[in-house]
Amino acid sequence: MGHDGDCFLVPGPVRMNQSCLDALSTPVITARGTEYRDVMAKLNSGLRYAFNLSPSSPERKNQSWTGSDGYKVIVVSGSGTAAMEMVMANRFRPNDRVLVPTNGKFGERVAEMGSRFCNVKNLKYEWGRAFDFGEIEEQLARGNWEALAICHNETSSGITQDAAELAEMCQRHNVAFILDGITSVGGLPVHPEQWGAEAVVVGAQKCTAGPSGIAAIAVNQHFIDRCNAIRNQGDSNSVYYLDILPALKKGDDDQTPWTPAINPAMGWAAALETLKEEGLENRWNRCASLAKGVRNLFTDLGFDLLADEYYRSSTVTAIMYPEGIDDSWRTKLKDDYNTQVIGAQDHLKGKMFRVGSMGETPVEEMIEGCNRMIACFKECGLELPDVDVKKYFE
């Protein structure tokens, strides 16, 4: 069975399914009644599943936000960046030293954001190049770091960091591990408890195929204890809307401290039900299979991929344009072939395109999208060998 209509192969915001769209269109309800508490309980339980945490009850008044592993999930009415800011602003004091290795735009955003709230050292690596673990180990061994913070999956350069290796370093050097998992949670293997991660962030519109503008954090007890201690010591950062302490006080009651993003919460809860139906590991495997097919296909066609071979992401593939091709190809692809991929950012703009393989993207859509991309490249004058695209996704 093929795919008709548009091919939307963007690495977030991704296409939302009909149950999510239907939930988004629910008539308005009050934010403080039992009806919305029911929504929050369902959402919290779904988030714990997406975060790969121990299960919780989707019923209100049953501690939906926590489980046997001690992690708590906090819904943030804002994008993933707002959730990441909540983590950095509340967990650290202005003089705390935080190490942030980066190899793409979103890691650099973590470093820039963190520098507003703590003393950040940004170990800047070339976009798409793996971290130098020896250098990170050397830094952590000095014993004067409060935390290591990373962007786990870097969509700007198509690379996934070795979180397990970094987590082991953090545990050995008694350093907090903070994870921007905005584009990995729900699409890549993430193991908060096993990694000892103090905080993990997710954005709804990426791997979990929810709406934009709502996000969540999973935090462990040590994170919560540190936030409370910092506030009591009186040397905390200035926060109000993103103050995590009121959010923690409201959690037991399936509530948020401020007016929540009511309809996005409904839509996200529905999307997470779809994730449960598919199965978390099944989604990880489908995303990995789609990305592997894209990588192998374009490599065989003679294209270069940006990211280091052993660290390539399963939710987005960064592909360099051949000589003579630029973003006018992407415009033509959208206008003439009803297919969307995304371009590059900053210094790589016009030199690369990115294919998303996250969310609920079916294999038929990816196959059709790749066929259209090849046809569009050929129309733009690029000589490419004939290939059976479908075979790359079997």
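The values are calculated or read from the model by the stated rules, or taken from the named source; none is laboratory data. As the structure is a prediction and not an experimental result, all values here were calculated from the model. Glycine gets a Cβ as well: all are built from the backbone with ideal geometry, and neighbour counts include every protein chain shown.
What are the pairs, 6+ residues apart or on separate chains, where a residue within the range 35-57 that is without any contact (Cβ under 8 Å) to a residue 24 or more places away in the chain and surrounded by 22 or more Cβ atoms within 10 Å (Cβ to Cβ) has its Cβ under 6 Å from a residue that is in a helix (DSSP H, G or I) and of a type in the set (Gly, Ala, Ser)?
Note: pairs meeting the criteria are Ser56/Ser45.
I'm checking my understanding of the structure. Among residues of the range 189-205 that are out of contact with any helix residue (DSSP H, G or I) (no Cβ under 6 Å at 6 or more places or on another chain) and not in a loop (DSSP other than H, G, I, E, B), which one is surrounded by the fewest Cβ atoms within 10 Å (Cβ to Cβ)?
Of the residues in the range 189-205, the ones out of contact with any helix residue (DSSP H, G or I) (no Cβ under 6 Å at 6 or more places or on another chain) are 190-194, 197, 202, 205.
Going one step further and asking which of them are not in a loop (DSSP other than H, G, I, E, B), we end up with 192-194, 202.
Details: Pro192: 24, Glu193: 17, Gln194: 13, Val202: 30.
That would be Gln194.
Look through the range 314-359, keep the residues that are among the charged types (D, E, K, R) and free of Cβ contacts under 8 Å to residues at least 12 places away in the same chain, and return whichever of them is surrounded by the most Cβ atoms within 10 Å (Cβ to Cβ). Explain how you work it out, then say what you get.
Within the range 314-359, the subset among the charged types (D, E, K, R) is 323, 326-327, 330, 332, 334-336, 346, 349, 351, 354.
Still in the running and free of Cβ contacts under 8 Å to residues at least 12 places away in the same chain: 323, 334-335.
On the way: Glu323: 6, Lys334: 15, Asp335: 9.
Ranking the candidates gives Lys334 first.
On the given criteria, is Ile325 out of contact with any Asp or Glu (no Cβ under 8 Å at 6 or more places or on another chain) and not in a helix (DSSP H, G or I)?
On the way: out of contact with any Asp or Glu (no Cβ under 8 Å at 6 or more places or on another chain): yes; not in a helix (DSSP H, G or I): yes.
Yes; evaluated as a whole, the condition is true for this residue.
Which one is surrounded by the most Cβ atoms within 10 Å (Cβ to Cβ) among residues in the range 206-225 that are of a type in the set (A, V, I, L, M) and more than 16 Å from Pro192 (Cβ to Cβ)?
Let us first name the residues in the range 206-225 that are of a type in the set (A, V, I, L, M), namely 209, 214-219, 224.
From what's left, more than 16 Å from Pro192 (Cβ to Cβ): 209, 214.
Values: Ala209: 28, Ile214: 26.
The selected residue is Ala209.
Under the condition of being in a loop (DSSP other than H, G, I, E, B) and either touching a Cys at 6+ places or on another chain (Cβ under 8 Å) or at pLDDT 95 or above (or both), which residue from the range 1-11 is farthest from Gly359 (Cα to Cα)?
Just the residues of the range 1-11 that are in a loop (DSSP other than H, G, I, E, B), to begin with: 1-6, 9-11.
Applying the additional criterion that residues be either touching a Cys at 6+ places or on another chain (Cβ under 8 Å) or at pLDDT 95 or above (or both) yields 6, 9-11.
Values: Asp6: 16, Leu9: 10, Val10: 10, Pro11: 9 Å.
For the range 1-11, the residue satisfying everything is Asp6.
Which of the residues belonging to the range 274-298 are surrounded by fewer than 19 Cβ atoms within 10 Å (Cβ to Cβ) and of a type in the set (D, E, K, R)? Give the steps one after another, and end with the answer.
First, pick out the residues of the range 274-298 that are surrounded by fewer than 19 Cβ atoms within 10 Å (Cβ to Cβ): 276-282, 285, 288-289, 292, 296.
Of everything in the range 274-298, those that are surrounded by fewer than 19 Cβ atoms within 10 Å (Cβ to Cβ) and of a type in the set (D, E, K, R) turn out to be Lys276, Glu277, Glu278, Glu281, Lys292.
Given the structure, is Cys151 under 23 Å from Ala344 (Cα atoms) and surrounded by 17 or more Cβ atoms within 10 Å (Cβ to Cβ)?
yes
Does Ile150 satisfy the condition of being within 18 Å of the chain's Cα centre (by Cα) and either assigned by TED's automatic domain parsing to the domain that holds Asp304 or under 19 Å from His222 (Cα atoms) (or both)?
When the stated conditions are applied, Ile150 passes them.
Please list, ordered by first then second residue, the pairs with beta carbon atoms under 9 Å, 6 or more apart or interchain, first in the range 71-100 and surrounded by fewer than 21 Cβ atoms within 10 Å (Cβ to Cβ), second assigned to a loop (DSSP other than H, G, I, E, B) and of a type in the set (Lys, Arg).
none
Residue under question is Asn17, and the condition is that it be more than 16 Å from the chain's Cα centre (by Cα), modelled with pLDDT of 95 or more and under 30 Å from Met352 (Cα atoms); does it hold?
Judged against the criteria, Asn17 is a match.
Of the numbered conditions (1) part of a helix (DSSP H, G or I); (2) surrounded by fewer than 20 Cβ atoms within 10 Å (Cβ to Cβ), Leu166 fails exactly one; give the number of that condition.
If we test Leu166 against (1) part of a helix (DSSP H, G or I); (2) surrounded by fewer than 20 Cβ atoms within 10 Å (Cβ to Cβ), just (2) comes out false.
Identify the residue in the range 299-313 that is of a type in the set (Ser, Thr, Tyr) and surrounded by 17 or more Cβ atoms within 10 Å (Cβ to Cβ) and, among all such residues, is nearest to Thr208 (Cα to Cα). So that I can check it myself, show each step before the final result.
Kept after step one, since they are of a type in the set (Ser, Thr, Tyr), are these residues of the range 299-313: 299, 310-311, 313.
Among the residues that remain, those that are also surrounded by 17 or more Cβ atoms within 10 Å (Cβ to Cβ) are: 311, 313.
On the way: Tyr311: 22, Ser313: 16 Å.
Only one residue fits best here, namely Ser313.
Need pairs with beta-carbon distance below 8 Å; first residue touching a residue at least 40 places away in the same chain (Cβ under 8 Å) and at negative phi and within the range 209-238, second among the acidic types (Asp, Glu) and not in a loop (DSSP other than H, G, I, E, B); sequence gap 6+ or separate chains.
Short answer, once both residue conditions are applied: Asn220/Glu193.
Whether any residue in the range 33-43 is among the polar types (S, T, N, Q), under 15 Å from Asp180 (Cα atoms) and outside the structural domain of Gln345 (by TED's automatic domain parsing) is what I want to check. Break it down stepwise before answering.
Taking the range 33-43 first, the residues among the polar types (S, T, N, Q) are 34.
Add one more test, that the residue is under 15 Å from Asp180 (Cα atoms), and what stays is none.
The answer is no; no qualifying residue exists.
Restricting to the range 239-270, give me the number of residues that are in contact with a Ser or Thr (Cβ under 9 Å, 6 or more places away or on another chain), touching a residue at least 40 places away in the same chain (Cβ under 8 Å), under 27 Å from Pro27 (Cβ atoms) and not polar (S, T, N, Q).
Number satisfying all stated conditions: 14.
Of (1) in the same structural domain as Pro189 (by TED's automatic domain parsing); (2) surrounded by fewer than 22 Cβ atoms within 10 Å (Cβ to Cβ); (3) not hydroxyl-bearing (Ser, Thr, Tyr), Gly2 satisfies all except one. Which?
Tallying (1) in the same structural domain as Pro189 (by TED's automatic domain parsing); (2) surrounded by fewer than 22 Cβ atoms within 10 Å (Cβ to Cβ); (3) not hydroxyl-bearing (Ser, Thr, Tyr), Gly2 fails exactly one: (1).
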